[in-house]
Amino acid sequence: MFLLRLHKHPDGLCKCFVDSVRCLADLTIKASCSPQLLTLLVRDQVAYPPCFTPLRKRPRWKRSPGRSLCGSAQDTVFVLSLLQKRVRVGVAQMRFGIAITLLLGQALATPHSLRERQGSNCPPIHIFGARETTAPPGFGAAAGIVDDITKANQGATNEAIDYPACGGATDCLGVSYADSVKNGTDSVAKTVNDFNAKCPKTKLVMLGFSQGAQIMDNAFCGGGDSIEGVKDINVLISQQALGMVKVAIFLGDPRYVAGFPYEVGTCKTKGFAPRPSEFQCPFGDKIKSYCDAADPFCCNGTDPVAHLQYPTVYGNEIKQFVSDKLK
C-alpha cells in the first residue's frame with residue numbers, strides 16, 4: 001500500500017507522487033486527467049528506499065459528487081492493492097494493477113534488492129573531484145590529492161565532474177561564472193546520484209577546488225546560491241547517496257565563512273560568494289573546508305598563489321581526515 005498524490009498542472013495533466021519525505025521527485029507517475037489509459041513514468045528508472053516506506057495507517061479518500069479526481073491541488077488517492085484495483089480518472093474506470101505491479105516492482109527497490117544491485121564492477125570507494133575555474137577537464141590543482149586518496153584505498157576509483165569551469169573568458173565561449181556554477185551544481189548532483197543508483201554500497205568522497213568547491217558545497221549542503229543564481233535551496237544529493245557520502249573536502253571555497261566548526265585555515269572573514277551568516281551545512285561532520293587569509297577568492301587576501309597551495313600545505317591532513325572517515 002502506497003500513498004499517491006495527484007497535483008493539477010497548468011497543462012491539464014495530473015502528477016501523481018509516491019508519498020515520502022523530501023523524495024517526491026524520485027518517483028513521478030503522470031496520469032492524464034481525461035478518461036484515457038493511465039501512463040506511468042519512473043524518472044530515470046531510479047528509486048531510493050527511504051522514499052517508499054509503506055503507510056502504517058490507511059486514511060480514506062472521499063470524493064464529492066461530480067468532482068474529478070484531480071479537482072484540487074492536493075487531492076489524494078490511496079492504492080489499497082497493487083493488483084486488480086481500479087482508479088477513476090475523470091469518469092472512466094481503468095484497471096492498472098498489474099501494470100503498477102510490474103513497474104513499481106522494478107522502481108520500488110527494497111534495501112535487500114539494492115544490495116543485490118551492487119554489481120561486481122562497483123568499487124568499494126569512489127572519489128568525485130571538481131576542478132577550479134579555467135582548469136582543463138580533469139581534477140585541476142587537486143589532481144595530486146585525488147590520486148593519493150585513490151592509491152591509498154585498494155580498488156578505489158575516481159571521476160571528474162563534467163562542467164564548464166568558466167569565468168566568462170573568450171576561450172570558454174564566454175560562459176559566465178554564474179552560469180558555470182549553476183551548470184556545475186546540477187552536474188554534481190546528477191553525477192553523484194546516478195553513480196549511487198548504480199552502486200548503492202560504494203562509499204563516496206567529494207572533493208572540490210575553488211569553483212569546484214563551490215559547486216560541491218551547493219549540491220551537498222543545499223541552501224541555494226543566490227549570488228550565482230542557484231535558486232533551489234534543497235540539498236540536491238539524494239537521501240540514499242547522502243548516506244554513502246563519507247567525506248567532503250572543499251579547498252578555497254568562495255562560499256567560505258569563518259567560524260563554522262568544519263572550516264580550517266587562517267581566514268577570519270569570508271569569500272566572494274559567502275554563505276549567509278546564519279547558514280550551517282547540515283552535514284558538517286563530514287566536511288573539512290580549507291581557506292587561508294592570503295587567498296583572494298575564499299577570503300579577502302591579495303595573493304592568488306595562496307589559492308593554489310592547499311594541496312601542499314594541508315595535503316597530509318586532508319588525506320588523514322579522508323582515511324579516518326572511510327574506516
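Would you please classify the overall shape of segment 201-259 from the alpha carbon gyration tensor, given that a ≥ b ≥ c denote the square roots of the eigenvalues, rounded means a/c under 1.5, and beyond that prolate means a/b larger than b/c while oblate covers the rest?
Values: a/c = 2.29, a/b = 1.33, b/c = 1.72.
Taking the square roots of the gyration eigenvalues as a ≥ b ≥ c, segment 201-259 is oblate.
Looking at the square roots a ≥ b ≥ c of the eigenvalues of the Cα gyration tensor of segment 120-326, which shape do they give, rounded for a/c under 1.5, prolate if a/b is larger than b/c, or oblate?
Numbers: a/c = 1.37, a/b = 1.25, b/c = 1.10.
Note, shape of segment 120-326 comes out rounded.
Length gain on complete extension for the stretch PHE272 to LYS231, per 0.36 nm per residue less the alpha carbon to alpha carbon distance? If you can, show how the numbers build up before the last one.
On the way: separation 41, 0.36 × 41 = 14.76 nm, distance 1.78 nm.
Roughly 13.0 nm would be gained on extension.
Show me the trypsin sites (Lys or Arg not before Pro) within segment 234-311 that DSSP assigns to loop and that have at most 15 other Cβ atoms within 10 Å of their Cβ.
On the way: sites: LYS246, ARG255, LYS268, LYS270, LYS286, LYS288; in loops: ARG255, LYS268.
Filter output for segment 234-311: LYS268.
Please label the shape of segment 169-282 as rounded, prolate or oblate, based on the square roots a ≥ b ≥ c of the eigenvalues of the alpha-carbon gyration tensor (a/c under 1.5 means rounded; beyond that, a/b larger than b/c means prolate, else oblate).
Verdict is oblate for segment 169-282.
No value in this document is a laboratory result; all are computed from the given coordinates. Because the structure is predicted, anything quoted here is derived from the model rather than measured. Using ideal geometry, Cβ is built from the backbone for each residue, glycine included, and neighbour counts are taken over all protein chains shown.
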